[in-house]
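Since the structure comes first, as structure tokens, the remarks are kept for the end.
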């Protein structure tokens, strides 16, 4: 365990927590306080801008960093800092490609919801890694994810007039419209695509999308709440009300619990 460092009076690891979800920041701080007595949380931040300020102000030894936030990614944040003279433990929701990338680079990551034993192990490994080795691993991870961002994270959508290149994570949900599909985007726009909903279900299955109803495919990242009234429905970012089929409720609630780290 990590207690031996405190026992022998070595320096505490000054730590900054950066995540755009308030409850996740609090959960991480509580876990660190309970299970990692040689870690001192010196600041918390909710995004790229505030995270950069917190790091520059506190000069931490360790950063617990969410990968995807409202105002950018953890890599956007790290690209603003030179040199990187602290260790990073990445926090991520389930993403198969990202996990493969972490394994490729041999860097530690924590899946949400965070398991205490995995947190303890990740902190121990980060503390024991030489900074030069860490930065080499970080470069490898960044390049691996950049390659993926240029390929699999883009979606080509054909309409009657145009061919659109969309960022997958900008899609809130898809709605069946006969032989077409309405695609609702985070910027408030809508695109009517010349393809069936089941085509997008197949393409987006590995990117956090879930078919909640015969007419709707949602990006679970943008779920704000689940309502049991009126047969059950979810509220998606932008106050979109999407019905949930009765046979899909149990699976959706399992995914929702994982997403919300309940």
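Annotations
- Meets criteria (surrounded by 21 or more Cβ atoms within 10 Å (Cβ to Cβ) and at pLDDT 95 or above) for residue 74: no
- Residue in segment 210-228 that is farthest from residue 155 (Cα to Cα), counting only those that are under 25 Å from the mean Cα position of the chain (by Cα) and without any contact (Cβ under 8 Å) to a residue 12 or more places away in the chain: 227
- Scanning segment 19-28 for residues that are over 18 Å from residue 74 (Cα atoms) and crowded, with 16+ Cβ neighbours inside 10 Å returns a single hit, 27.
- Subset of segment 174-193 (residues that are surrounded by 13 or more Cβ atoms within 10 Å (Cβ to Cβ) and touching a residue at least 24 places away in the same chain (Cβ under 8 Å)): 174, 175, 176, 183, 184, 186, 191, 192, 193
- The set of residues from segment 29-44 being surrounded by fewer than 18 Cβ atoms within 10 Å (Cβ to Cβ), closer than 20 Å to residue 67 by Cβ and touching a helix residue (DSSP H, G or I) at 6+ places or on another chain (Cβ under 8 Å) is empty.
- Residue match in segment 113-131 (condition: within 30 Å of residue 39 (Cβ to Cβ), under 20 Å from the mean Cα position of the chain (by Cα), modelled with pLDDT under 90 and not in a helix (DSSP H, G or I)): yes
The values are calculated or read from the model by the stated rules, or taken from the named source; none is laboratory data. Everything numeric here is computed off the predicted structure, so don't read it as measured data. Positions of Cβ are backbone-derived with ideal geometry, glycine not excepted, and every protein chain shown enters the neighbour counts.
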